[in-house]
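All remarks here apply to the structure that follows.
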Ligand SMILES: [Zn+2]
């Protein structure tokens, strides 16, 4: 059985399959993984922004309270100046003390809120920096993917040309069988384990007649293809 041309064709087809798998699956998957990295970094920025906004609102709330109480104090002072009655003076005095206590509490709250705000700001800065780093890294990955894609496409063209040249050398009957089998099985031609009578494509033990046919084909150049009764692969 002479199938050297068919085996050469199978080898090129194997290369072509690998290249196309890279184009259709591996490279798009690498791109998706890079996109996911960037999306994760962006999510972290969003979360840090939300946390920082919350801390800022808390700070602003104490700031407004502090300003309100300071205004109350000023009003109470102005009020006291225009008063002559003891009772009105005492009331203005009380108002001033209340406002002063409120302002002191707000000031303490403000200091605490400021302390809490600092780490969220730092976290936000870090998240933004990490996002910028990821953008650069991901852009490099995209560039590498594009470069690789161009290389694989060029290589595919070369393999296709070699393949087309090889097709002409394969006997017509072998080529027909191979082309049909290729749709469902790969590789199409596999070594036959003569000692154990096993097709290495499907790993099933074959009847002795298959081993006999393979041994016969080994010695007979014009013998027809021997195929596996189980999976249909060409046995070599
Ligand atoms: Zn088989």
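The values are calculated or read from the model by the stated rules, or taken from the named source; none is laboratory data. This one's a predicted model, so the numbers in the text were calculated from it and none came from an experiment. Don't worry about glycine lacking a Cβ; one is built from the backbone with ideal geometry, like all the others, and counts go over all protein chains shown.
Data table
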read-out: Any hit, segment 188-196, residues being farther than 23 Å from residue 20 by Cα, crowded, with 16+ Cβ neighbours inside 10 Å and at pLDDT 95 or above; value: yes
read-out: Candidate set from segment 174-202 (those that are more than 16 Å from the ligand (Cβ to nearest atom) and in contact (Cβ under 8 Å) with a residue 12 or more places away in the chain); member that is nearest to residue 26 (Cα to Cα); value: 175
read-out: Candidates 107, 134, 155, filtered to the one that is out of contact with any strand residue (DSSP E or B) (no Cβ under 9 Å at 6 or more places or on another chain), touching a residue at least 40 places away in the same chain (Cβ under 8 Å), surrounded by 14 or more Cβ atoms within 10 Å (Cβ to Cβ) and under 30 Å from residue 38 (Cα atoms); value: 134
read-out: Of all residues in segment 215-235 being in contact with a strand residue (DSSP E or B) (Cβ under 9 Å, 6 or more places away or on another chain) and more than 12 Å from the ligand (Cβ to nearest atom), the one that is farthest from residue 186 (Cα to Cα); value: 217
read-out: Residues being within 20 Å of residue 127 (Cα to Cα) and in contact with a helix residue (DSSP H, G or I) (Cβ under 7 Å, 6 or more places away or on another chain) - total across segment 50-68; value: 4
read-out: Residue list for segment 1-39, filter: closer than 27 Å to residue 140 by Cα and exposed (fewer than 13 other Cβ atoms within 10 Å of the Cβ); value: 21, 24, 25, 29, 32, 33, 36, 39
read-out: Lone qualifier among 122, 148, 162, 128 - being without any contact (Cβ under 8 Å) to a residue 12 or more places away in the chain and surrounded by 12 or more Cβ atoms within 10 Å (Cβ to Cβ); value: 122
read-out: Residues that are assigned to a loop (DSSP other than H, G, I, E, B) and either under 7 Å from residue 233 (Cβ atoms) or within 39 Å of the chain's Cα centre (by Cα) (or both), drawn from segment 192-203; value: 200, 201, 202, 203
